[in-house]
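Let me begin by presenting the structure, written as structure tokens, before commenting on it.
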Amino acid sequence: MLRGERVSAVVVPTPIGLRIEIPVERTWLSEGFSCSSVRKFSGDNPDVLDGAEIVACVKASHETSVIGGKGVGKVEGSWVRGTNGYAISEGAHRLILMALEEVGGNYTVIVEVPGGEELASKTMNPSVGVTGGISILGTTGVEWPVSDEEYTEHVKAEICQEIATFGKVVIAPGNVSYEWARRTYGHAVKVGDRVGDALEIARERNASSLTLVSLPGKLTKLAAGMLNTHSKYGDCRVDVLTRISVLLNIPLEKVAKVASSRSVAESLYHLDRDEVRSVMLEVCRRVLKVVKTVFPGKVKVVALNEAGTEVIAEVED
């Protein structure tokens, strides 16, 4: 494609070891860049970006960089974990670099989404401080249908197998927490947004104990009693963190910054390390109480940092 040759598909690596063939919709040359586009496929997941065109323009450079172009959002604030202020997640950035490493050499990559600004108005981006377009996200490189009802049957089968094998179960809502749990405990079930369904299944199958591992965002929703954490059911995360910060006597100037934040990551950025641990410890305590209303067995709740690299709080009964 760097030579302007047309291709019908490309094969790219993923962090989970799969190599995926992706159909290429069109290719062209533009101002020294070789550009190609693909269509976003969301499977059974509800997603306003399903079918959206995603464009990548590449040219050789002295060093490799990945930046957002038209239709890709920008995020302001030093709390942001992104790519030079563009709304390209660390996981997505890593996926792009993996593909470039197979080619060899250094490249400038511009990611664009035609109509991205209009699409973003139908997402939560405006409320979390992402402006001008959509977010480019990714962790495994594969779209898993973790929000549809059929996924619950998949979760049920996995939980039943876990209980039959170990007598207990470890659950995690997302990819990052799931990978940490699997490495730490040797087994885990990724339950997506349907945490409440997973708890009911574990109760019905008489699991002796349940460990819930999650990043702060999902835990904060669970602390408020949201057993289905999908955004369509509401978002109380910043409110929960603000209330807990007040109850823990965190300085009011910091509480004000927490309250005016538009995401959990931004809220926690305003607190020091000890304050983050104290707040998340209280979040875990509240989650434990919520879980116990559904699952009567022994429960442990583990909160990871945003990167999923370390435990910042944990409680058990």
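Just so you know, all these numbers are worked out from the coordinates, no wet-lab data involved. Note that the structure is a prediction, hence the values are computed from the model and not measured. In this analysis, Cβ positions are derived from the backbone assuming ideal geometry, glycine residues included, and neighbour counts consider all displayed protein chains.
Annotations
- Nearest-ten-degree value, helix 195-204 long axis tilted from longest Cα axis of the chain: 50 degrees
- Footprinting exposure proxy for TRP180, TRP28 (fewest neighbouring C-beta atoms within 10 Å first): TRP28, TRP180
- About its Cα centre, the dipole of segment 116-211 is roughly 500 debye, where the only charges are +1 on Lys and Arg Cβ and -1 on Asp and Glu Cβ.
- Basic side chains Lys and Arg get +1 at the Cβ, acidic Asp and Glu get -1 at the Cβ, and with that the dipole of segment 149-316 about its Cα centre reaches some 320 debye.
- Considering only ALA303, ILE159, LEU247, the residue lying farthest towards the positive end of the dipole of the chain is LEU247, judged by Cα position with unit charges set on Cβ.
- Rounded to the nearest 500, the 222 nm mean residue ellipticity of the chain from helices alone is -10500 deg cm²/dmol, with -39,500 (n - 2.57) taken per DSSP H run of at least 4 residues.
- At R0 = 35 Å, FRET efficiency that the Cβ-Cβ distance of ARG182 and ASP272 yields, to 0.05: 0.70
- When the chain is described by a simple charge dipole with +1 on each Lys and Arg Cβ and -1 on each Asp and Glu Cβ, the residue from VAL48, ALA265, VAL103 located farthest towards its positive end is ALA265.
- C-alpha long axis of helix 175-185 to longest principal axis of the chain, angle in °: 50 degrees
- FRET E, pair GLU5, SER121, Förster distance 51 Å, beta-carbon r, rounded to 0.05: 0.90
- Peptides 58-71, 278-291, 11-24 ordered by average Cβ neighbours within 10 Å, highest first: 278-291, 58-71, 11-24
- Spin-label pair GLU21/ASN106, simplified geometry with 7 Å Cα→Cβ offset, distance in nm: 3.5 nm
- Between SER208 and THR64, the modelled labels are 4.7 nm apart [label points 7 Å from Cα along Cα→Cβ].
- A simple charge model with +1 on the Cβ of Lys and Arg, -1 on the Cβ of Asp and Glu and nothing else charged puts the dipole of the chain at about 600 debye relative to its Cα centre.
- Here LEU199, LEU212, LEU271 are placed in order of increasing Cβ neighbour count within 10 Å, fewest first, which gives LEU271, LEU199, LEU212.
- Separation of the GLU31 and LYS232 label points, Cα + 7 Å toward Cβ, nm: 3.9 nm
- Cysteines of the chain lacking any other cysteine Cβ under 4.7 Å from their own Cβ: CYS160, CYS236, CYS284.
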